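Structure first, commentary second.
The values are calculated or read from the model by the stated rules, or taken from the named source; none is laboratory data. Values in this document were obtained by computation on a predicted structure and should not be read as measured data. So basically every Cβ, Gly included, is an ideal-geometry build from the backbone, and we count neighbours across all protein chains shown. For the accessible areas, the whole protein counts, side chains as well, though only heavy atoms, and no ligand, DNA or RNA atoms are used. Shrake-Rupley method; radii C 1.70, N 1.55, O 1.52, S 1.80 Å.
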Amino acid sequence: MTKYIFVTGGVTSSLGKGIIAASLAKLLQARGYKVTIQKFDPYINIDPGTLNPYEHGECYVTEDGAETDLDLGHYERFLNVPTSQANNVTTGRIYQHVIQQEREGAYLGKTVQVIPHITDEIKRRMQLLGESNEYDIIITELGGTVGDIESLPFVEAVRQLRWELGANNSLVIHLTLVPYLAAAGELKTKPTQHSVKTLLEYGVQPDILVCRTEHKLSQEIRKKLAQFCNVNINAVVESIDASTIYDVPLLMLKENLDKTALTKLKLSNKNEPDLENWKNFLGKLKNPTSEVCIALVGKYVELPDAYKSITEGFIHAGATNECKVKVSYIAAESVTKENVAEKLKGMDGVLVAPGFGERGLDGKLNAIKYVRENNTPFFGICLGMQCSVIEFGRNVLGLKDANSFEMDANTSNPVINLMEEQKNITDMGGTMRLGAYDCEIKKGTKAFAIYGKTKISERHRHRYEFNNDYLKQYEAAGMIASGFNPETGLVEIVELKNHPFFVAGQFHPELKSTVANPHPLFVSFVAAALANKKSK
Ligand code: GLN
């Protein structure tokens, strides 16, 4: 029987529920359990695909093309197991389904209400991944903070589900903040007591408290938390600030979070977790023998969470190269023809980021012209790839108004065009080219040297594509298409022949980089940046 762990958050948002959930899952997986994690978000958007990255950070895309919360990226990076549409559910999706059922007459004349209809649908979704019996344990993270009006139906669903599942089949972990008051020189337990009281008002008694803190929890503080929140003292877990999120599984292991959870679920904790590979990765991450500086040129740089998977991809690739990767986030709008050399000359490699809309386009083109002419390693992702095509069109092929149809629908040279299947689409949500598509790589190219094979699959999220009418012209001038979609002929990778490293993909490789499998494009790009640094 599948067992369920629910993770709630108290006191404030941004405590890192996703990291705690992923760390616990990692430990359980390392003990031999089959685990997955799902996230329930209380906002009304059907999915985060329509959200500006400034709202909740990056939109993470799964193999099956779901646009999801960035926490799913952490789950995949930690567990190295793909997630899917079923792993992220929002209030919007719940209501959409219930309302559709109502229109179809499925409720047989009943008044449709939050309880039981909305909570029933939440419970159904919470157990969907359990139906296949594929997992021993399903961890469900509830977005938001306990006490928020919008998360109430989710907490109520957890209460009901725990009762339905019966004793020892579920547990609730409450992630909370134990703030340090510098003036008093003390850690404070009161906010946690209050947030647990709020949970209790809704009928949910947490089994384990994970306490985010800047200072070690003394035995006295642990006892106080245990006593006032009705939990065993072993179930008070310290989660102290870590230098990297990848330390958290080991910190949780030290605090016995996995053991305590397994005991409560009446599951065996005999197998010690096998964390050999994880520790190897951490060893390399923490003991770099060199350092490179990479510029990330993008339009959402004020919020690094907007580029979460890219940042993590660099961490994985850095560890593989035993090299510290220092990423400088450069606002695309600030890069001008005049200052580009100044801004990029100290950089060992430059990445131009994904994005939407015209803002910052010129800055990206300036950056690409600079790296192309100065042999600086370049890596373009999605819009970054499209920009490299526009830049090459304008400055090498002399197509002065070369542009993407997205930026200028009237250009006489739409080198990046709207995809055929996108032409009649009017809805914005979930309608891009999304998820995994095959790509065939040409032998003898840099892409082939990087991947070491001809058949790959990568994840997508875009509406525009390389315009194949221009392909001959580009290839004759030295920008070649080294990867294609075998069914449609869409260009998936472009690269420059006469450049040490100039590779750009229409897909998002960052979404598939994990601790166990750092992405080859990131690994090779970091290696190229390192070689560039050494040659200077
Ligand atoms: N805006 C571009 C498109 O829709 C690129 C998207 C992206 O970078 N994810 O094709």
Next on the checklist: Considering only region 456-470, I want to know if a residue exists there that is within 13 Å of the ligand (Cβ to nearest atom) and part of a loop (DSSP other than H, G, I, E, B).
Outcome noted: yes
Next on the checklist: Quick check on my filter: what residues within region 284-309 are open to solvent by less than 50 Å² (accessible area, probe 1.4 Å) and either within 15 Å of TYR60 (Cα to Cα) or among the hydrophobic types (A, V, I, L, M, F, W, C) (or both)?
Outcome noted: LEU285, VAL292, CYS293, ILE294, ALA295, LEU296, VAL297, VAL301, ALA306, TYR307, LYS308, SER309
Next on the checklist: Suppose we filter region 381-417 for residues that are aliphatic (A, V, I, L, M), within 12 Å of the ligand (Cβ to nearest atom) and within 26 Å of LEU521 (Cα to Cα); how many remain?
Outcome noted: 6
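Here are some residues: ASN375, ASN366, ASN395, ASN403. Which one is out of contact with any strand residue (DSSP E or B) (no Cβ under 8 Å at 6 or more places or on another chain), crowded, with 21+ Cβ neighbours inside 10 Å and touching a residue at least 12 places away in the same chain (Cβ under 8 Å)? Can you show your working first?
Details: ASN375 fails: crowded, with 21+ Cβ neighbours inside 10 Å; ASN395 fails: crowded, with 21+ Cβ neighbours inside 10 Å; ASN403 fails: out of contact with any strand residue (DSSP E or B) (no Cβ under 8 Å at 6 or more places or on another chain).
Answer to the check: ASN366.
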Checklist entry - Looking at PRO116, is it buried (at least 21 other Cβ atoms within 10 Å of the Cβ) and over 26 Å from ALA319 (Cα atoms)? => result no
Checklist entry - Do we have any residue at all in region 29-43 that's surrounded by fewer than 18 Cβ atoms within 10 Å (Cβ to Cβ), within 30 Å of LEU267 (Cβ to Cβ) and not hydroxyl-bearing (Ser, Thr, Tyr)? => result yes
Item to check | Residue that is within 16 Å of the ligand (Cβ to nearest atom), buried (at least 17 other Cβ atoms within 10 Å of the Cβ), closer than 22 Å to LYS533 by Cβ and of a type outside the set (Phe, Trp, Tyr), where the choices are GLY360, GLY313 | outcome: GLY313
Checklist entry - Taking region 339-356 as the region of interest, how many residues are more than 16 Å from ALA528 (Cα to Cα), assigned to a loop (DSSP other than H, G, I, E, B) and of a type in the set (Gly, Ala, Ser)? => result 2
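Mind listing just one residue for me: the one in region 471-483 that is open to solvent by less than 40 Å² (accessible area, probe 1.4 Å) and closer than 20 Å to LEU397 by Cβ and, of those, farthest from the ligand (Cβ to nearest atom)? Step through it out loud before you land on a result.
Step one: of region 471-483, the residues open to solvent by less than 40 Å² (accessible area, probe 1.4 Å) are 471, 474, 478-483.
Still in the list and also closer than 20 Å to LEU397 by Cβ: 471, 474, 478-482.
Values: LEU471: 18, TYR474: 18, GLY478: 24, MET479: 18, ILE480: 21, ALA481: 16, SER482: 19 Å.
By that ranking, first place goes to GLY478.
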Checklist entry - Within region 198-252, which residues are in a helix (DSSP H, G or I), hydroxyl-bearing (Ser, Thr, Tyr) and open to solvent by less than 20 Å² (accessible area, probe 1.4 Å)? => result TYR246
Checklist entry - How many residues are polar (S, T, N, Q), surrounded by 14 or more Cβ atoms within 10 Å (Cβ to Cβ) and part of a loop (DSSP other than H, G, I, E, B) if we restrict to region 407-429? => result 2
Checklist entry - Can you tell me which residues in region 372-405 are under 17 Å from GLY478 (Cβ atoms), of a type outside the set (Gly, Ala, Ser) and part of a loop (DSSP other than H, G, I, E, B)? => result ASN374, ASN375, THR376, PRO377, VAL396, LEU397, LEU399
Item to check | All positions within region 484-502 that are surrounded by 21 or more Cβ atoms within 10 Å (Cβ to Cβ) and either among the basic types (Lys, Arg) or more than 16 Å from the ligand (Cβ to nearest atom) (or both) | outcome: GLU495, LEU496, PHE501, PHE502
Item to check | Filter result (acidic (Asp, Glu) and either over 13 Å from the mean Cα position of the chain (by Cα) or not in a loop (DSSP other than H, G, I, E, B) (or both)) within region 65-107 | outcome: GLU67, ASP71, GLU76, GLU102, GLU104
Checklist outcome for this item: When ASN52 is run through (1) open to solvent by 10 Å² or more (accessible area, probe 1.4 Å); (2) in contact (Cβ under 8 Å) with a residue 60 or more places away in the chain, the failure sits at (2)
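Filtering region 1-22 down to residues that are hydroxyl-bearing (Ser, Thr, Tyr) and assigned to a strand (DSSP E or B), which residue is surrounded by the most Cβ atoms within 10 Å (Cβ to Cβ)? Before the answer, list the steps.
Step one: list which residues in region 1-22 are hydroxyl-bearing (Ser, Thr, Tyr), which gives 2, 4, 8, 12-14.
Next, from what is left, pick out any that are assigned to a strand (DSSP E or B): 4, 8.
On the way: TYR4: 22, THR8: 28.
Restricting to residues being hydroxyl-bearing (Ser, Thr, Tyr) and assigned to a strand (DSSP E or B), the top hit is THR8.
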Next on the checklist: Looking at region 167-194, I want the residues that are free of Cβ contacts under 8 Å to residues at least 60 places away in the same chain and have a partner that is among the acidic types (Asp, Glu) and assigned to a loop (DSSP other than H, G, I, E, B) with Cβ atoms under 7 Å, at least 6 apart or on another chain. Which pairs are those?
Outcome noted: TYR180/GLU214
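Could you please find all residues in region 256-273 being acidic (Asp, Glu) and open to solvent by less than 40 Å² (accessible area, probe 1.4 Å)? Step through it out loud before you land on a result.
Pass one, region 256-273, residues acidic (Asp, Glu): 258, 272.
Residue satisfying the conditions is ASP258 alone.
Can you confirm whether region 291-314 contains a residue that is part of a helix (DSSP H, G or I), of a type in the set (Ser, Thr, Tyr) and touching a residue at least 60 places away in the same chain (Cβ under 8 Å)? It would help to see each step written out before you state the result.
Taking region 291-314 first, the residues part of a helix (DSSP H, G or I) are 304-314.
Keeping just the survivors that are of a type in the set (Ser, Thr, Tyr) gives 307, 309, 311.
Restricting the remaining residues to those that are touching a residue at least 60 places away in the same chain (Cβ under 8 Å) gives 307, 309.
Checked against the condition, which is being part of a helix (DSSP H, G or I), of a type in the set (Ser, Thr, Tyr) and touching a residue at least 60 places away in the same chain (Cβ under 8 Å), region 291-314 yields at least one hit.
Just wondering, is there one or more residues in region 430-451 that are assigned to a strand (DSSP E or B), more than 22 Å from PRO520 (Cβ to Cβ) and within 16 Å of the ligand (Cβ to nearest atom)?
Initially, region 430-451 is screened for residues assigned to a strand (DSSP E or B), giving 433-441.
Checking the rest, the ones that are also more than 22 Å from PRO520 (Cβ to Cβ) come to 433-434.
Restricting the remaining residues to those that are within 16 Å of the ligand (Cβ to nearest atom) gives 433-434.
Within region 430-451, one or more residues are assigned to a strand (DSSP E or B), more than 22 Å from PRO520 (Cβ to Cβ) and within 16 Å of the ligand (Cβ to nearest atom).
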Checklist outcome for this item: Matching residues in region 128-161 (in a helix (DSSP H, G or I), surrounded by fewer than 20 Cβ atoms within 10 Å (Cβ to Cβ) and without any contact (Cβ under 8 Å) to a residue 60 or more places away in the chain) number 5
